[in-house]
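Please read the structure below before turning to the comments.
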Amino acid sequence: MKTFFKKITDITVSKSVGFFLNLLYFFSAQKSTNIAYSLFSTPQSGQLSSATLPDFLKKAKLDRLVFKKHQIQTYRWKGSGPTILLVHGWQSNSSRWQQLIEFLKLSNFNLITLDAPAQGLSNGTEFSPPIYASFIDVAIRKYRPKILISHSLGSFTSLYQLTQKHYPDLEKNIILACPNAFKSIVMNYQNLMSFSQQNYQNLVRLMENQIHMPLEEYNSERFIQKIGLPTLIIHDKSDETIPFSEALSILNASSSASLLATENLGHSLQHRQVYQGILNFITSKTLAVDKD
């Protein structure tokens, strides 16, 4: 799996930072872990401002929701059809949905997107699945979508949130390029930085305190087992960021999921084949599976 972390692209720099944090650990383990977590959770791209807002987003109806100290930026393209909420991934923002939204507007869907923490026009400095899950919860309760579409880490977070609450208006779920085990992402980060085992274990404990479960259990195949919502998994066989095998693991764990496998579209999955597959799934008659 290629790293999510574009912040430290030079291998020499990443190893040097890791060496420094390993050394710092002997003097202040907590400070070393906090810095390691900050590097892990601080996105380096995807932020927007009013001056850099793409025309596509300017044409939407902008609204702000609130979660604790956070301002959640949302965008709406009004339609008379069912409401669809779109959830982007790591180091991204609502503009990544432009092509799909232009396609779905032709069918007059009511389309809503939101910016993740510290992404787009949403405030904050930290992107973490627990905080993002709360953003998604606020948006679902506000807009009551019938369809949820998400990409990458946004899909992982959406699956998690769907295990936390029942949303009676939701009828279908679509996940694109979804990672399975969050622990694999953390281990990938450890390898990138060459953290010592002590430093890594301290980082894991910090994360487990946030998610309130062992990191081994924080995975999409476990989440989807608890969800009866009809779910379409879309994943490219040549995805170099999230291996195709992770989609198969999620699929095999669910009795209510189906798979659309693509070729040579990569992690972004920006292609008419994907958009048409999404539309076909939305308009098909698929019933939820009772998980009670």
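The values are calculated or read from the model by the stated rules, or taken from the named source; none is laboratory data. Note that this is a predicted model, so its numbers are computed, not measured. We place every Cβ from the backbone using ideal geometry, glycine too, and count neighbours over all the protein chains shown. Note: areas computed on protein heavy atoms with side chains; ligands, DNA, RNA excluded. Shrake-Rupley method; radii C 1.70, N 1.55, O 1.52, S 1.80 Å.
Restricted to helices (runs of 4 or more DSSP H) entirely inside the range 54-160, those with at least 3 residues that are among the charged types (D, E, K, R) are 129-143.
Every residue, every condition in (1) among the aliphatic types (A, V, I, L, M); (2) touching a Phe, Trp or Tyr at 6+ places or on another chain (Cβ under 9 Å), yes or no:
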site: S196; (1), (2): no, yes
site: N209; (1), (2): no, no
site: M213; (1), (2): yes, no
site: Y218; (1), (2): no, yes
site: Q225; (1), (2): no, no
site: P230; (1), (2): no, yes
site: L248; (1), (2): yes, no
site: N252; (1), (2): no, no
site: S256; (1), (2): no, no
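Going by what's in this entry, would S196 be described as small (G, A, S), farther than 30 Å from I149 by Cα and open to solvent by less than 70 Å² (accessible area, probe 1.4 Å)? Spelling it out, S196 is indeed small (G, A, S), farther than 30 Å from I149 by Cα and open to solvent by less than 70 Å² (accessible area, probe 1.4 Å).
Does the range 210-224 contain at least one residue that is assigned to a loop (DSSP other than H, G, I, E, B), small (G, A, S) and either touching a Lys or Arg at 6+ places or on another chain (Cβ under 9 Å) or in contact (Cβ under 8 Å) with a residue 40 or more places away in the chain (or both)? No, the range 210-224 contains no residue that is assigned to a loop (DSSP other than H, G, I, E, B), small (G, A, S) and either touching a Lys or Arg at 6+ places or on another chain (Cβ under 9 Å) or in contact (Cβ under 8 Å) with a residue 40 or more places away in the chain (or both). Quick one: in the range 202-224, of everything that is out of contact with any helix residue (DSSP H, G or I) (no Cβ under 7 Å at 6 or more places or on another chain) and of a type in the set (D, E, K, R), which residue is most open to solvent (accessible area, probe 1.4 Å)? That would be R205.
I need the full set of residues from the range 226-257 which are among the polar types (S, T, N, Q) and under 25 Å from L106 (Cα atoms), in order please. Within the range 226-257, T231 is the sole residue that qualifies. Residues in the range 110-126 that are out of contact with any helix residue (DSSP H, G or I) (no Cβ under 7 Å at 6 or more places or on another chain) and crowded, with 24+ Cβ neighbours inside 10 Å: Q119, S122. Just checking, does the range 225-237 include any residue being modelled with pLDDT of 95 or more, more than 23 Å from A133 (Cβ to Cβ) and buried (at least 18 other Cβ atoms within 10 Å of the Cβ)? Within the range 225-237, one or more residues are modelled with pLDDT of 95 or more, more than 23 Å from A133 (Cβ to Cβ) and buried (at least 18 other Cβ atoms within 10 Å of the Cβ). Looking across the range 214-251 at every residue that is of a type in the set (S, T, Y) and within 17 Å of the chain's Cα centre (by Cα), the one that is nearest to V186 (Cα to Cα) is identified as Y218.
If the condition is being small (G, A, S) and either closer than 20 Å to R141 by Cβ or out of contact with any Pro (no Cβ under 8 Å at 6 or more places or on another chain) (or both), then the range 108-123 contributes A116, G120, S122. Mind listing just one residue for me: the one in the range 242-270 that is open to solvent by less than 20 Å² (accessible area, probe 1.4 Å) and in a helix (DSSP H, G or I) and, of those, nearest to G228 (Cα to Cα)? Checked the range 242-270; the qualifying residue nearest to G228 (Cα to Cα) is I250.
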